[in-house]
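**Q** Supplied in structure tokens, the structure appears directly below.
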Number of protein chains: 4
Amino acid sequence: MSDDLGGRLRWYVPDAYLPSESSHGVPSHESACLLNTGARNARVRFTFFFEDREPLGPVELVLEARRTRHVRLDDPDALGGVELPRGVPYAYTVDSDVPVVLQHSRLDTSAGAYTLFTTIGYGE
Amino acid sequence: MSDDLGGRLRWYVPDAYLPSESSHGVPSHESACLLNTGARNARVRFTFFFEDREPLGPVELVLEARRTRHVRLDDPDALGGVELPRGVPYAYTVDSDVPVVLQHSRLDTSAGAYTLFTTIGYGE
Amino acid sequence: MSDDLGGRLRWYVPDAYLPSESSHGVPSHESACLLNTGARNARVRFTFFFEDREPLGPVELVLEARRTRHVRLDDPDALGGVELPRGVPYAYTVDSDVPVVLQHSRLDTSAGAYTLFTTIGYGE
Amino acid sequence: MSDDLGGRLRWYVPDAYLPSESSHGVPSHESACLLNTGARNARVRFTFFFEDREPLGPVELVLEARRTRHVRLDDPDALGGVELPRGVPYAYTVDSDVPVVLQHSRLDTSAGAYTLFTTIGYGE
């Protein structure tokens, strides 16, 4: 693959939600999966949106060159100490200083079996 | 994040369906998840399409600036009193007067376990 | 909503598959969900691609103006008599003479619970 | 359908993961589903990205003209002998010398029921 940068500078995910319940010892969770195929580290900033309160953030992370990072959104350590509420609809954007690609996924274990969903975000 | 408006003015979701059955005390449902990252409130209008009858709508809602809204499509109170039929294939569009982003999701609990699906809509 | 036509003239779905097994009396199946928001009927043509044989089609259907149609891909009656094989990886394209939108979904009931997936197709 | 080439030359999938566990005798797996609707064979190259090590690849495959190929990412024979690790977050890109379309899917059987997810990749 060439070293061309690929991707977009801003990504949107309208349907984010951390289920309150879990089973099987596996917590229900979401991941913001980022890919930086370029030769420069990416400085990415998450902003979290809610239905009834002001946005939260930005939370800034580094995504190294030629690396992926699957950011667990239920893990405050992965988000600079920010703890997102469970059982509350939210949404988020990711801004980056170099082009990256974002895919959003959820694992819901609340009903005693796993269910997954995923989508590439909306990029601009 | 800058205050730039991001998104599109019209969104399309061809596969919508409210399952007739539910379990676990959790109704099978769909959500139209909208994100408005801009500084102005969005006036959004839903139009619902069917296989064998005229479209329904528009149903107009307000999506506040810098907010998300996860609109439950099985809830007449969330749709200005419109009750969508269960067990009937439908589709919908969302028009907005400012750019927004739409993601469509379904939770089907009919078979005694949860299954989810999601996709960013098709935006223009 | 205005009467503007919205959508694309060609859509691609690389991951199609009709599972061999079913349960709950609900057959595992896929649907090609089409939406025509315009004022003219759409003439749509499906072409099916395989791993090891020549493409099948085109299969031509009509999608009426301002209607959705959720085409069951396991139903020969919905496809002009064409019966797609179960348990065989395939893919398909949809060409239309007016802009439409395509979303592809699968319901797999083979393991005794439902699992769904969906994605907006790739449109050009 | 005309013989026009359709698709993109580079595709990105940020959320790839081969679960460690399986059940029902059906291994948890992922497929990179490619579609080449054109009249020329495609030479496609996979590159795999990780969180904490250098990218792997390229792995080169041929996708014949007017064919689909659902590449099992857990099968070294499908990837020129490359064995991707289970239980490790990864991502991948696909480059092609003619336009193709990529859809990524996962089947997770680890919890005793199936769950699927899918998305069209991000294409450029």
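The values are calculated or read from the model by the stated rules, or taken from the named source; none is laboratory data. What you see is a predicted model, and the numbers here were worked out from it, not measured in a lab. When we count neighbours, we look across all protein chains shown, and the Cβ atoms used for this are built from the backbone with ideal geometry, even at glycine. Accessible surface is based on the protein model in full, side chains and every heavy atom, while ligands, DNA and RNA are left aside. Shrake-Rupley method; radii C 1.70, N 1.55, O 1.52, S 1.80 Å.
**Q** Count, please, the residues in the range B:20-36 that happen to be within 14 Å of chain A (Cβ to nearest Cβ) and outside any strand (DSSP E or B).
**A** Counting residues in the range B:20-36 that are within 14 Å of chain A (Cβ to nearest Cβ) and outside any strand (DSSP E or B) gives 5.
**Q** Do we have C:Leu102 as within 29 Å of D:Glu124 (Cβ to Cβ) and either facing chain B (nearest Cβ under 10 Å) or touching a residue at least 12 places away in the same chain (Cβ under 8 Å) (or both) here?
**A** Spelling it out, C:Leu102 is indeed within 29 Å of D:Glu124 (Cβ to Cβ) and either facing chain B (nearest Cβ under 10 Å) or touching a residue at least 12 places away in the same chain (Cβ under 8 Å) (or both).
**Q** Name the residue that is least open to solvent (accessible area, probe 1.4 Å), counting only residues in the range C:19-55 that are farther than 20 Å from C:Tyr122 by Cα and aliphatic (A, V, I, L, M).
**A** Selected residue: C:Val26.
**Q** Go through the residues of the range C:107-117 one by one and say whether even a single one is part of a strand (DSSP E or B), more than 9 Å from chain D (Cβ to nearest Cβ) and within 30 Å of A:Gly112 (Cβ to Cβ).
**A** yes
**Q** Another question about this same structure. Regarding C:Arg45, is this residue of a type outside the set (S, T, N, Q), more than 30 Å from C:Ala113 (Cβ to Cβ) and not in a strand (DSSP E or B)?
**A** no
**Q** For the range B:70-78, check the following and say yes or no: at least one residue is within 14 Å of chain C (Cβ to nearest Cβ) and either out of contact with any helix residue (DSSP H, G or I) (no Cβ under 9 Å at 6 or more places or on another chain) or modelled with pLDDT under 95 (or both).
**A** no
**Q** Then there's this: (1) touching a helix residue (DSSP H, G or I) at 6+ places or on another chain (Cβ under 7 Å); (2) more than 12 Å from chain B (Cβ to nearest Cβ); (3) open to solvent by 40 Å² or more (accessible area, probe 1.4 Å); (4) in contact (Cβ under 8 Å) with a residue 24 or more places away in the chain: which one isn't true of C:Arg86, the others all being true?
**A** (1)
**Q** Within the range D:60-67, is there a residue that is open to solvent by less than 10 Å² (accessible area, probe 1.4 Å) and of a type outside the set (D, E, K, R)?
**A** Step one: list which residues in the range D:60-67 are open to solvent by less than 10 Å² (accessible area, probe 1.4 Å), which gives D:63.
Pick out the ones that are also of a type outside the set (D, E, K, R) and you get D:63.
Yes, the range D:60-67 contains a residue that is open to solvent by less than 10 Å² (accessible area, probe 1.4 Å) and of a type outside the set (D, E, K, R).
**Q** Search the range B:39-50 for residues that are within 12 Å of another protein chain (Cβ to nearest Cβ) and pair each with any residue that is acidic (Asp, Glu) and assigned to a strand (DSSP E or B) when their beta-carbon atoms are under 6 Å apart and the residues are at least 6 apart or on different chains.
**A** B:Arg45/B:Glu60; B:Arg45/B:Asp95
**Q** Looking only at the range A:69-96, which residues are assigned to a strand (DSSP E or B) and not small (Gly, Ala, Ser)?
**A** Of everything in the range A:69-96, those that are assigned to a strand (DSSP E or B) and not small (Gly, Ala, Ser) turn out to be A:Arg69, A:His70, A:Val71, A:Arg72, A:Tyr90, A:Tyr92, A:Thr93, A:Val94, A:Asp95.
**Q** Among the residues of the range C:89-99, write down those that are within 9 Å of chain D (Cβ to nearest Cβ) and of a type in the set (S, T, N, Q).
**A** Initial filter on the range C:89-99 (within 9 Å of chain D (Cβ to nearest Cβ)): C:89-93, C:95.
Hit for the range C:89-99 is C:Thr93, nothing else.
**Q** Do we have any residue at all in the range D:92-100 that's under 20 Å from A:Thr119 (Cα atoms), open to solvent by 10 Å² or more (accessible area, probe 1.4 Å) and under 14 Å from the mean Cα position of the chain (by Cα)?
**A** No, because not a single residue in the range D:92-100 is under 20 Å from A:Thr119 (Cα atoms), open to solvent by 10 Å² or more (accessible area, probe 1.4 Å) and under 14 Å from the mean Cα position of the chain (by Cα).
**Q** Follow-up question, since we're still on this one. Of all the residues that make up the range B:1-18, how many are over 14 Å from the mean Cα position of the chain (by Cα) and at pLDDT 95 or above? Full working, then the answer.
**A** Pass one, the range B:1-18, residues over 14 Å from the mean Cα position of the chain (by Cα): B:1-9.
Imposing the further condition that a residue be at pLDDT 95 or above reduces the set to B:7-9.
Total satisfying the criteria: 3.
**Q** Of the residues C:Val26, C:Val62, C:Val71, C:Val13, which is under 24 Å from C:Thr115 (Cβ atoms) and either out of contact with any strand residue (DSSP E or B) (no Cβ under 6 Å at 6 or more places or on another chain) or free of Cβ contacts under 8 Å to residues at least 24 places away in the same chain (or both)?
**A** On the way: C:Val62 fails: under 24 Å from C:Thr115 (Cβ atoms); C:Val71 fails: either out of contact with any strand residue (DSSP E or B) (no Cβ under 6 Å at 6 or more places or on another chain) or free of Cβ contacts under 8 Å to residues at least 24 places away in the same chain (or both); C:Val13 fails: either out of contact with any strand residue (DSSP E or B) (no Cβ under 6 Å at 6 or more places or on another chain) or free of Cβ contacts under 8 Å to residues at least 24 places away in the same chain (or both).
Being under 24 Å from C:Thr115 (Cβ atoms) and either out of contact with any strand residue (DSSP E or B) (no Cβ under 6 Å at 6 or more places or on another chain) or free of Cβ contacts under 8 Å to residues at least 24 places away in the same chain (or both) holds for just one of C:Val26, C:Val62, C:Val71, C:Val13, which is C:Val26.
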